[in-house]
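The values are calculated or read from the model by the stated rules, or taken from the named source; none is laboratory data. Keep in mind it's a predicted model, so treat the numbers as computed, not measured. Here the Cβ positions follow ideal geometry from the backbone for every residue, glycine too, while neighbour counts run over all protein chains shown. Just so you know, the surface numbers come from the protein's heavy atoms only, side chains and all, with ligands and any DNA or RNA stripped out. Shrake-Rupley method; radii C 1.70, N 1.55, O 1.52, S 1.80 Å.
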Amino acid sequence: MRNFNQKRIEKNMFAALLNIGIKDGMSRVEIRKYRLTNFVLIVLFFLGLLLLIPSLYENGFIVSAYMNLTSVALIATLLFVNNFGFINFTRLVASTYPSVIIVSASIAVKTLYPQSVVIFDFFDARVLAGGFFVLPYLFFGYNEKRYLFTSLFFIMLAVVGFDPLHNLFGVGYTNFFGPMSKAYIVSGIYIDIVLFFSSWAFYYFKYNIEGLLQKNALLVEDLGERNVELSALFEELEDSNQTLKKNEKLINEQKQLLEQTNQDLAKQVEEKTAELRQSNEELVRHNNELQQFSNTLSHNLRGPVANLLGLAQLFKMDSSEENRNSVAMHILKSAESLDGIIKDLNKVVELRNNLFQIKEKIEIKKEVDGIWFVLDQNVKQCNGKLVLNIELPVLYGVRSYFQSILYNLISNAIKYRHVDRPCLIRISSFIKEGKCIIEVQDNGIGVDLHRYGKKIFGMYKRFHDHTEGKGLGLFLTKQQVEAMQGKIRVESKLGVGTRFVIELPSIPLSQIQSQLFYRSEAADIYLDAVNNITTLDWKKMPLPFEFSEVFRNNIEIFNAYNSELWIVDLRLMVNRSPSEKKWVIDEAIDQYVRVGIKKVVVIRKIVEEDIAFWDEFYQATKRKSIQVIFAESTTEAKEKLLNV
């Protein structure tokens, strides 16, 4: 009984700490904001105490202990200040003070104990200070950009200003080790770049997650409203039946009218039920989409980040200038690869409405080579070898899913390799019975399919304990294969190896050459993934806002699918206003240059008022190195574009 009361008191105390600053009448969003802030501050407070106690026991009151004690006192002060409603001030300070404390402690330690300074002290503190960029994303939502960017600014200021601040207090790199080496400068720049891209990835992740959550909330609200309407209809039907019982004398006279009323009500119920079913399906789809994106993001980023961490450790251990420069180049390439993965995942979110319609040209060997490079460090550790048998070099599908499928299977083959022999991975592609077949085979430790066969594609299912993992890769792989209307099966034998066979539909080229990307009353935009051609077909003379909307979507498809060839039908775009013509010459052409347009075929209708405009248009595109060809029909335009 005593233990029960003690636990109850502790629970009440923790709840009281979480509710500091919360007042009656606050919205759910405000209450969540206070509780999240208080929870993070409590965690930081106890973490500071855990670090302070062993430090005092081993070293006594040295400068790091004072800095830690100051940090703990500051957190307690912030909890106190939070009680008076200064939540924004509290979050700003809490999200930036760790980086400031770390940089300050680094300067103080180097000032008081210069004899113990080593070169890696200038790396550890910088990376640790920058690592706290995640705190602003915990405290602030996407709509609180002013506070979010302010706290990120101070953190980035602490990281970028790391060397200048040390130099200001006379404890810079040059004070201990002489002039800065090229490797030190480059590594500092790479650390800043990695932190920047990581922060950028968190920003887009938070933006997309909050957007999907907002849509979920709207769908739930809409579902509630439709339930109310349905309940009202059922009540109306019940009232009608009660009225019928109370008016038995009028049954014969009003029979036909009552039947008609019942039919109308039944029709309305059927319609509302259909609407409710559609809303439920849409809600489930959005929830699945949110979960799928979250899992894909965390899983696909793990490989490149691990590669970066491995290279950073190699850079730290190797003192050779030449080797460090080589490692630095690999860090840059890995960062670029990470940036590419983030962009691809971001494209999945931004274009999710077209995700299962737009198919891209996928060069299988190119995708395998890219994944092999990302896993370079893991390959070297296991002396891995890759054997390719690519009879089918190209297929068409959702690129981001195909990349994720191959990455999961190849990384699993490396992770679950056999310790007594070099890792050997065979990848084959061919056509069989009208289907695209992809096979990934390894000589690893294998899986007991008699025991785990029904669970192998399950979520969070793991069958080996000697390596780390979440058991998510094969689940994602199966979901993505099925999303591409395909099938996957596995063959495995313990101690011999595993083979995965993926079967994807062979899509007719006629469907790939004319994929509708955008449709409105003003224009349609099509993508030909076979020839990498985008076609813009104006259906009427657009209004200014329609012109802007179509232009934005046209830019979006160029960015998303790297289309370099463009066909634009401007036969209805005659005699435009001078301001629109000027905008095309001064701004639109530059934007198309930035997204990589190389060749354009313009289907036009010449009128006397537009002759001067076309001459100016041709000269402007020529100056920007865009090749312009004129045609009279879409068929002629495609022929000219492919034959140039």
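Counting only DSSP beta bridges with both residues in the range 510-576, what percent are antiparallel, rounded to the nearest 5?
So the antiparallel bridges in the range 510-576 amount to around 65 percent.
Enumerate by residue number the GluC sites (Glu not before Pro) in the range 359-430 meeting two conditions: DSSP loop (anything except H, G, I, E, B), and at most 14 other Cβ atoms within 10 Å of the site's Cβ.
Glu391
Quick check for you: with a 1.4 Å probe and neighbouring chains kept, what is the accessible area per residue of the range 484-588, in Å²?
Details: 5040 Å² over 105 residues.
Result: 48 Å² of accessible area for each residue.
Report the one residue of Phe617, Tyr592, Phe630 whose Cα lies farthest in the direction of the positive end of the charge dipole of the range 581-634 (charges on C-beta: Lys and Arg +1, Asp and Glu -1; origin at the Cα centre).
Farthest along the dipole direction, towards plus: Tyr592.
Under a point-charge model restricted to the Cβ atoms of Lys and Arg (+1) and Asp and Glu (-1), what is the dipole moment magnitude of the range 374-438 relative to its Cα centre, in debye to the nearest 20?
120
Net charge around Ile606, counting only other residues with Cβ within less than 12 Å of its Cβ (Lys, Arg = +1; Asp, Glu = -1)? Can you show the working numbers first?
On the way: positive: Arg571, Arg604, Lys605; negative: Glu608, Glu609, Asp610, Asp615, Glu632.
The answer is -2.
By per-residue mean of other Cβ atoms within 10 Å, what is the highest-first order of 12-21, 436-445, 305-314?
Final packing ranking: 436-445, 305-314, 12-21.
Accessible area, 1.4 Å probe, largest first: how do Arg594, Arg417, Arg28, Arg426 sort? If you can, show how the numbers build up before the last one.
Numbers: Arg594 175, Arg417 75, Arg28 210, Arg426 110 Å².
My answer, sorted largest first, is Arg28, Arg594, Arg426, Arg417.
DSSP loop (so not H, G, I, E, B), at most 11 other Cβ within 10 Å: list which chymotrypsin sites (Phe, Trp or Tyr not before Pro) in the range 85-160 pass both filters. Let's see the in-between values first.
Values: sites: Phe86, Phe89, Phe120, Phe122, Phe123, Phe132, Phe133, Tyr137, Phe139, Phe140, Tyr142, Tyr147, Phe149, Phe153, Phe154; in loops: Phe86, Phe120, Phe132, Phe133, Phe140, Tyr142.
Filter output for the range 85-160: Phe120.
Say the dipole of the range 61-192 comes from +1 at the beta carbon of Lys and Arg and -1 at that of Asp and Glu; which of Phe89, Ala183, Ile101 then lies farthest toward its positive end?
Working it through, the farthest residue towards the positive pole turns out to be Phe89.
Give, rounded to the nearest 20 debye, the magnitude of the charge dipole that the range 105-230 has about its Cα centre when Lys and Arg contribute +1 at Cβ and Asp and Glu contribute -1 at Cβ.
Here the size comes out at about 440 debye.
Please list the non-local residues whose amide H lies under 5 Å from the amide H of Ala631, H modeled 1.01 Å from N, same-chain partners needing a gap of 5 or more.
Distant-sequence amide H within range of Ala631: Val602, Ile603, Arg604.
Could you report the range 97-139's accessible area per residue, 1.4 Å probe, as an integer in Å²?
40
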